[in-house]
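Step one of this worksheet: look at the structure below.
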Amino acid sequence: MKKTVIVVLSVLLLSVGLLRAHCQIPCGIYDDMLRVKLMLEHVDTIEKSMKEITRLSKAETPDWNQLVRWVTNKDHHADELTDIVTYYFMAQRVKPAKAGTAEEKVYLKQLTTLHAVMIHSMQAKQTVDLDHCVQLRGLIDTFKKSYFGDQKAHKH
């Protein structure tokens, strides 16, 4: 029995590691534009959550269960947004460039923009200020233009 449990746990841990690592191997499956669309979808969900939190908070007798669910939802989507920024774009797709080149300027702009996305995502978790959603959309658009340029797809 002990041996079976150890084998099952080992397989599960290995599977989790492989699944998480999958996006960090150069398989060419992932779609960069889809990731940008997912980022915007997370912002839409954060915004909807903020509006619901505000609406529920103003009720004479707030529905605390729903309020907690919307806060949890908002935080989850802010984390998902940060995961795309860090694990997908910063760790894999945005490549450092040689110092003093035009490519370095693009790299620094992309890196700075992604960092700002992370900051506003964190701040969106701390508040229901809808301005963070406005800022996030603008930053994602800035990153998209910097990353894709005039191309419809980024070269792998």
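General remarks:
- Length-normalised contact order of the range 31-148 in % [C-alpha pairs under 8 Å, at least 6 apart]: 32 percent
- Using the Cβ-Cβ distance between Met122 and Arg93 with R0 set to 30 Å, the FRET efficiency from 1/(1 + (r/R0)^6) comes to roughly 0.90.
- Simple spin-label estimate for Leu111 and Thr54 gives 3.6 nm between the two label positions (7 Å along the Cα-to-Cβ direction from each Cα).
- Packing order of peptides 51-61, 104-114, 74-84, highest average first: 74-84, 104-114, 51-61 (average count of other Cβ atoms within 10 Å over each peptide's residues).
- Taking 7 Å steps out from each Cα toward its Cβ at Lys37 and Asp129 produces label points 3.2 nm apart.
- Computed over the range 31-148, the range of Cα coordinates on each principal axis works out to 60, 23, 17 Å, biggest value leading.
- Separation of the range 108-131 from the range 50-87 is 16 Å, based on Cα centroids.
- Among the listed pairs Lys48/Lys109; Lys48/Lys144; Lys37/Lys109; Lys58/Lys144; Lys37/Lys95, those whose Cα-Cα separation exceeds 26 Å are Lys48/Lys109; Lys58/Lys144.
- Among 89-99, 117-127, the peptide with the highest mean count of other Cβ atoms within 10 Å heads the list, and the full ranking is 117-127, 89-99.
No value in this document is a laboratory result; all are computed from the given coordinates. Note that the structure is a prediction, hence the values are computed from the model and not measured. Virtual Cβ from ideal backbone geometry, glycine too; neighbours counted across all protein chains shown.
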